[in-house]
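The values are calculated or read from the model by the stated rules, or taken from the named source; none is laboratory data. Computed from a predicted model, the values in this text were never measured in an experiment. Positions of Cβ are generated from backbone atoms using ideal geometry, with glycine treated the same way; all protein chains shown enter the neighbour counts. Heavy atoms of the whole protein, side chains included, go into the accessibility calculation; ligands, DNA and RNA do not. Shrake-Rupley method; radii C 1.70, N 1.55, O 1.52, S 1.80 Å.
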Amino acid sequence: MTASLRFDQIRLPPECEKLRQDVRAFIAREVAAGTFDPHRPGHDETHNAGFSRRVGAKGWIGMTWPKAYGGHERSFLERYVMTEEFRVANAPVRLHFVADRQSGPVLLKYAPEHIKMDILPRICRGEACFVIGMSEPNSGSDLFAAKTRATKTTHGWKINGSKTWTSNAHNADYMLGLFRTSPSTRENRRHGLTQFLVDMKTPGIRVNPIYQMTGQHDFNEVVFDDALIPDDHVIGEIDGAWKQATSELAYERSGPERFLETFYVLVELIRALGEKPDLRSAEGLGRLVAQLHTLRRMSVSVNGMLQAGQEPVVEGSIVKDLGTVWEQKLPARVRELAAFLEQGATNRTTLEEQLRFATKLAPKLTIQGGTTEILRGIIARGLGLR
Ligand SMILES: Cc1cc2nc3c(=O)[nH]c(=O)nc-3n(C[C@H](O)[C@H](O)[C@H](O)COP(=O)(O)OP(=O)(O)OC[C@H]3O[C@@H](n4cnc5c(N)ncnc54)[C@H](O)[C@@H]3O)c2cc1C
């Protein structure tokens, strides 16, 4: 029997509009001050300590977390609006984004109290950069095959092995790492992994760059050679991390950043086409905007359901699957529609520059945070089809 899907009809409440105006005004001031250029993604450094501190001072990091830990007790939908505005402006949120989206919520749920009191307020101030230490050379989609070992010693845990594709590790203060503490069991192959808070300054950690096709140094290999992690940096249950790693992935997959990463080419196309596009372009543009609108309604719905305490795992996976496939195809679709633009059309050069960058970036979109095939497996299982 198949299960049913449910996308609640959720609209953003009025307080979100006020917040949107505040975020836009802040971004406009930053752009005017030269912090970044919203029309040239890939041009500015995305990890910007001063910018993250100013975002923290506005109260826009840890927005939904308890005030006791430096948070602001606002809603998921308000966080949605903030995330959306920073994403479409191509703002340099790299330092705090992962901590805000997923590492902070994991610590909030599973870390010892003194760690929460120490680290969460620093995240909220935009002072602590986190990275995700899950993937290994032979363990990407199949996270539970991770082999990097954490071995108990009298002084803590010794880590040996390596993680790969670790985004932003060269700038990070901390990693939430998934390490093998016991072999898996016949009954449960997910057993035996434990999550650790790793201070990236720990002796025995080496970060080697991996360059992307765009030329950017964005991710890395992280090698552990007898790196000693204190006992109180175990996060959650020893050998039982599969439960918390799965819930961390739910945070990673549900936001508007999952369909807006190449959005700038659509904006630039609209600018280049001007107010009176020809019929063919207007039709193509209309189709893209309608698809985007639908994706956004679905994504807002998922966030509204999260706010209501539901667990829309299948619906979130559908939004990520449809969203990443859409944003991946967007540069090619925009290129087709731009083919008839005259050479001298407004912003033609900026559009060309953006298209080149977005085309090289696009392949990663359906891999990061769970591949299309993996998401479709989750959806099929959720619908009772496998
Ligand atoms: C830009 C970028 C940033 C990243 N940042 C991080 C990071 O910060 N931290 C981190 O830990 N990881 C990160 N990753 C890694 C990412 O999570 C993995 O690349 C991803 O999970 C896929 O794993 P893999 O590369 O080992 O591919 P594989 O798992 O080897 O998959 C190869 C192919 O086989 C398919 N496949 C695999 N298993 C199945 C299955 N059961 N059914 C059907 N098809 C299957 C996949 O869909 C894919 O097409 C990042 C990746 C990218 C591209």
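Looking at ARG74, is it out of contact with any Leu (no Cβ under 6 Å at 6 or more places or on another chain), over 24 Å from THR202 (Cα atoms) and basic (Lys, Arg)? Considered against the rule, which asks whether it is out of contact with any Leu (no Cβ under 6 Å at 6 or more places or on another chain), over 24 Å from THR202 (Cα atoms) and basic (Lys, Arg), ARG74 comes out as yes.
For region 227-250, a residue qualifies if it is modelled with pLDDT of 95 or more and β-branched (Val, Ile, Thr), and the qualifying residues are ILE229, VAL234, ILE235, ILE238.
Does any residue in region 310-332 that is closer than 12 Å to LEU295 by Cα and in a helix (DSSP H, G or I) come within less than 7 Å, Cβ to Cβ, of a residue that is open to solvent by 40 Å² or more (accessible area, probe 1.4 Å) and of a type in the set (Phe, Trp, Tyr) six or more places away or on a different chain, and which pairs are these? The qualifying pairs are GLU315/PHE7. No other residue among SER141, SER103, SER75, SER52 is within 16 Å of the ligand (Cβ to nearest atom), out of contact with any strand residue (DSSP E or B) (no Cβ under 6 Å at 6 or more places or on another chain) and of a type in the set (Ser, Thr, Tyr) apart from SER141. Residue count for region 332-386 satisfying the condition of being closer than 22 Å to HIS39 by Cα, within 16 Å of the ligand (Cβ to nearest atom), of a type in the set (A, V, I, L, M, F, W, C) and over 19 Å from the mean Cα position of the chain (by Cα): 1. Filtered by the rule that a residue be open to solvent by 90 Å² or more (accessible area, probe 1.4 Å) and among the charged types (D, E, K, R), region 18-45 gives LYS18, ARG24, ARG29, GLU45.
Would you check which residues across region 53-88 are of a type in the set (Gly, Ala, Ser) and buried (at least 22 other Cβ atoms within 10 Å of the Cβ) and list them?
Listed by number, the residues that qualify are GLY56, GLY62.
Applying the criterion of being at pLDDT 95 or above and either away from the ligand (no atom under 16 Å from the Cβ) or not aliphatic (A, V, I, L, M) (or both) to the residues of region 214-226, the residue that is farthest from ASP44 (Cα to Cα) is ASP226. Evaluated against (1) open to solvent by 60 Å² or more (accessible area, probe 1.4 Å); (2) away from the ligand (no atom under 16 Å from the Cβ); (3) touching a strand residue (DSSP E or B) at 6+ places or on another chain (Cβ under 7 Å), LYS147 falls short on exactly one condition, (2). From the list ARG74, ARG79, ARG94, ARG87, the lone residue that is of a type in the set (Lys, Arg) and touching a Cys at 6+ places or on another chain (Cβ under 9 Å) is ARG94. Of the residues examined, GLY284 is not one that is closer than 18 Å to LEU5 by Cβ and either assigned to a helix (DSSP H, G or I) or basic (Lys, Arg) (or both). For region 154-213, filtering for residues that are at positive phi, open to solvent by 30 Å² or more (accessible area, probe 1.4 Å) and within 11 Å of the ligand (Cβ to nearest atom) leaves 1. Among residues belonging to region 105-126 that are at pLDDT 95 or above and charged (D, E, K, R), point out the one that is least open to solvent (accessible area, probe 1.4 Å). Looking at residues that are at pLDDT 95 or above and charged (D, E, K, R), I get LYS116.
Among the criteria (1) touching a residue at least 60 places away in the same chain (Cβ under 8 Å); (2) within 17 Å of the chain's Cα centre (by Cα), the one ARG11 does not fulfil is (2).
One residue is enough: does region 233-251 have a residue meeting the conditions in a strand (DSSP E or B) and in contact with a Phe, Trp or Tyr (Cβ under 9 Å, 6 or more places away or on another chain)? The answer is yes, given that some residue of region 233-251 is in a strand (DSSP E or B) and in contact with a Phe, Trp or Tyr (Cβ under 9 Å, 6 or more places away or on another chain).
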